[in-house]
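A.B. asks: Attaching a single structure in structure tokens format; questions to follow.
Where a number appears in this text, it was derived from the coordinates with a stated rule and is not lab data. From a predicted model like this one, the values you see are computed outputs, not experimental measurements. Note that each Cβ is placed from the backbone with ideal geometry, even for glycine, and that neighbours are counted across all protein chains shown.
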Amino acid sequence: MIHNFGFIALGVASASVNLSSPFFLGQAIDYYQKNHELPILYLLATCSAFILAPCIRFGAKIYLARSNASTRLELKQRSVNFLIQHDKESLSEGDIIEFIDNDIDGSIYLHHNIYYDISTSIAAILMAFITIFNYHYLLSIAPIAAIAFSSAIYILTRKILNNAYGKYIEENTALTSKILSATHTKTSRPFIEFETLKTSVLDTLWRTQLKISSLEAISGLSFLIGISLLLYIGSELLAINALTTGEFIASAMYVERILIPLGFLIGIYFSTAEALYRRSRVHALHGREKAHE
Amino acid sequence: MNKIIKNCRIIIIISITVSLLAASLQITVPYLISSGIKATIQSDPNPFIIPILALTFFCKAAMQGCSETLNQFLEAKIRLSIIEHISTNDLSNDKGKLATLIKEESGRVASSVIQVLELTASGCLTLATFILLTFENYFMAGPLLVFFALSYFYITFSANKVSNAYKLEIEQEQKYKSSIIHLKHASSAPLPHFILKAKINNYHLKKSIKTRYRYEWLSISLTSGPEIFVAVIIAMSLLLIAFLSPMTLGPDLIYYLGYIGMFALGANHSIHISLSLIGTKNSITRIFKGV
């Protein structure tokens with residue numbers, strides 16, 4: 001858990017550096033339009049932020065890979081100890097490998113990476129939101145509408161998504177385990193049920209994925225809502241001189257900086273459905289281990 | 001492998017078409033947003049901008065949804081076809097190898113096919129943004145061309161390192177999977193034998209995780225290098241734009257930065273996929289040539 005605080009801090013740092021570039025650029029544009037002189041300091045600050053952002057991301061990725069390796073080891077050791085015990089009946093080899101490797105590797109994202117990704121996105125959204133609010137409070141309606149739309153989709157789809165991949169994972173596990181058990185020796189016969197089971201697995205996946213991709217596409221429309229509202233409100237404020245050109249350009253960049261991480265959060269939500277189901281299987285297994293003790 | 005790809009050719013063609021359509025719609029978005037902003041600043045709002053933007057977004061979202069569904073379906077279909085090939089053709093008695101091929105490598109090879117499709121789309125996106133940027137401002141062409149040349153040399157230079165690290169990782173994974181199977185078979189053997197097998201399994205587990213970490217470390221380092229380099233290029237381009245055509249310090253800059261961002265994203269993605277494909281090539285050889 002301590003690791004995860006580190007990832008949250010790195011996420012916030014990464015978002016701050018990322019967001020400082022449009023801020024300095026907005027200042028540079030305003031300075032140039034007022035004085036008709038090159039704003040060297042602001043330009044250098046913008047460029048430094050551009051270069052520093054991928055450096056922080058690199059450090060975070062290495063730290064994440066290291067933490068994932070130690071978590072993976074700990075979880076796999078626990079699963080092996082519970083699934084294979086002396087003088088006790090155990091599952092088939094295919095099922096054991098699926099539980100130990102595929103479930104743990106398939107859900108490892110949820111142990112550390114998710115904290116970094118979510119904190120980066122939320123920090124970016126919050127900081128950009130505060131800046132837009134400072135430019136003009138009415139401009140903040142644009143990102144609020146986009147966030148409200150995404151939240152509504154989240155609330156409406158939560159139940160559908162929790163078990164969306166369940167049937168596919170169970171069918172897929174059963175099929176690959178059966179194949180592994182059937183293909184042991186040079187004399188073994190080909191696995192004859194394969195074609196029927198394959199069609200069934202693919203059919204389940206097609207229906208699940210179509211449902212999830214459609215929901216993700218609908219959620220992605222939050223970007224459109226945000227940009228359209230920004231253009232409308234921005235034009236009204238510029239018409240009454242309540243906003244300068246530089247402020248409008250910078251706020252347009254900040255609205256994008258809200259909408260991109262918002263889209264990323266939507267992506268995480270929809271793409272982790274399979275990992276969530278796999279993690280629930282790992283939890284159930286380790287829960288059984290505790291009850292057994 | 002060719003036979004499997006041939007069986008899926010219709011889905012592959014549809015998927016590439018849909019991905020390219022989605023990418024071309026994505027390219028028009030910064031232009032539309034920048035036009036909207038320009039019109040707003042000049043107090044001459046264009047009533048068609050928002051409906052056109054909405055239509056573009058709806059089409060892009062539909063295309064992306066379609067492409068995502070097709071890609072997932074294609075990946076699963078290829079993975080299951082590879083498993084079918086392994087189960088009918090691999091006559092090895094090494095169950096650890098079979099487990100690694102079926103549970104690990106079939107998935108990696110199948111996702112590499114999807115990565116090739118993504119590489120096609122991101123390659124087109126990179127090329128299209130390069131052309132657009134060059135037409136808009138000739139000063140952009142220099143640094144971007146340098147980046148293309150360096151990317152090529154970089155991928156060629158890194159290929160051996162990535163391939164060796166991947167090979168080591170898979171070999172260790174196979175040893176670890178074999179040790180699980182041996183441990184399961186030893187569960188009914190005398191306790192000292194079972195304990196010995198458990199220790200061997202733990203040793204291979206630790207080693208497999210260590211080699212995987214080393215492969216990930218190498219892969220992250222190699223893919224982050226160009227990302228940092230692209231950031232330096234963007235910073236240099238920004239300074240060049242500001243010094244050579246200071247009038248650009250206005251709404252046009254959003255348009256430029258939008259496309260430069262897209263170029264950087266497409267280029268980094270292409271390098272990342274290329275390096276990952278170099279590794280997976282080893283799995284294709286193991287599955288289809290039995291090496």
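A.B. asks: Given a cut-off of 34 Å, what percent of all Cα-Cα pairs of chain B lie beyond it? Working shown, then result.
C.D. replies: Working: 16203 of 42195 pairs.
Pairs farther apart than 34 Å: 38 percent.
A.B. asks: Enter the per residue convex hull volume of region A:237-293, computed from alpha-carbon coordinates, in Å³ rounded to the nearest integer. Please list the in-between numbers first.
C.D. replies: Numbers: hull volume 5.8 nm³, N = 57.
Cα-based convex hull of region A:237-293, divided per residue, equals 102 Å³.
A.B. asks: At 4 °C and 1.567 mPa s, what whole-number value in µm²/s does Stokes-Einstein give for the translational diffusion of region B:108-246, with Rh from the Kirkwood sum over Cα pairs? Working shown, then result.
C.D. replies: On the way: Rh = 19.1 Å.
Calculated translational D: 68 µm²/s.
A.B. asks: Let me ask something else about it. How big, on average over all directions, is the shadow cast by the Cα convex hull of the protein assembly as shown, in nm²?
C.D. replies: Numbers: hull surface 108.9 nm².
It is 27.2 nm².
A.B. asks: Running Debye on region A:112-181 with equal point scatterers at the Cα sites and no solvent, what base-10 log of I(q)/I(0) appears at q = 0.12, 0.13, 0.21 Å⁻¹?
C.D. replies: -0.58, -0.63, -0.98
A.B. asks: Would you order A:Arg278, A:Arg158 from fewest to most other beta-carbon atoms within 10 Å of each residue's own beta-carbon? Please list the in-between numbers first.
C.D. replies: Numbers: A:Arg278 25, A:Arg158 10.
Exposure proxy ranking, most exposed first: A:Arg158, A:Arg278.
A.B. asks: Still on this model: Pop a pseudo-label 7 angstrom from the Cα along the beta-carbon direction at both B:Val116 and A:Gln77 and give the gap in nm to one decimal.
C.D. replies: Taking the two extended label points, one gets 4.1 nm.
A.B. asks: Over all directions, what mean area does the Cα convex hull of region A:16-91 project, stated in square nanometres?
C.D. replies: Numbers: hull surface 28.6 nm².
Averaged projected area of region A:16-91's Cα convex hull equals 7.1 nm².
A.B. asks: Right, another one. To the nearest 10 degrees, how steep is helix A:141-162 against the longest Cα principal axis of chain A, on a 0 to 90 scale?
C.D. replies: Between helix and principal axis, roughly 10 degrees.
A.B. asks: In degrees, nearest 10, range 0 to 90: what is the angle between the Cα axis of helix A:222-239 and the longest Cα principal axis of chain A?
C.D. replies: Orientation of helix A:222-239: about 10 degrees from the principal axis.
A.B. asks: Which residues does the label zone of B:Cys59 cover in region B:1-42, counting backbone N under 12 Å from a point 7 Å along Cα→Cβ?
C.D. replies: Zone members listed by number: B:21-29.
A.B. asks: Cα convex hull of region B:1-130: mean projected area in nm², to one decimal?
C.D. replies: Working: hull surface 39.6 nm².
Value for region B:1-130: 9.9 nm².
A.B. asks: How large, in Å, is region A:74-144 by the Kirkwood hydrodynamic radius built from its alpha-carbon pairs? Numbers along the way, then the final one.
C.D. replies: Details: mean 1/r = 0.0627 Å⁻¹.
15.9 Å is the Kirkwood radius here.
A.B. asks: What dipole magnitude, in Debye to the nearest 20, does chain B give about its Cα centre under +1 on Lys/Arg Cβ and -1 on Asp/Glu Cβ?
C.D. replies: Values: 26 positive and 16 negative charges, 340 e Å.
Result for chain B is approximately 1640 debye, rounded to the nearest 20.
A.B. asks: May I pose another question? Run the helix sum for chain A: -39,500 (n - 2.57) per DSSP H stretch of 4+ residues, divided by residue count, reported at 222 nm to the nearest 500 deg cm²/dmol.
C.D. replies: Calculated at 222 nm, the ellipticity per residue is -28500 deg cm²/dmol.
A.B. asks: Considering every Cα-Cα pair within chain A, what fraction, in whole percent, is farther apart than 24 Å? Before the final figure, lay out each step's value.
C.D. replies: On the way: 27497 of 42778 pairs.
Across chain A, Cα pairs with separations above 24 Å total 64 percent.
A.B. asks: Three principal axis extents, largest first, for the C-alpha atoms of region A:1-41, in Å?
C.D. replies: 52, 13, 7
A.B. asks: Could you give the semi-axes, largest first, of the ellipsoid that matches region B:182-291, computed as the square roots of 5 times the alpha carbon gyration tensor eigenvalues and rounded to whole Å?
C.D. replies: Numbers: eigenvalues 560, 50, 20 Å².
Working through the eigenvalues yields semi-axes of 53, 16, 10 Å.
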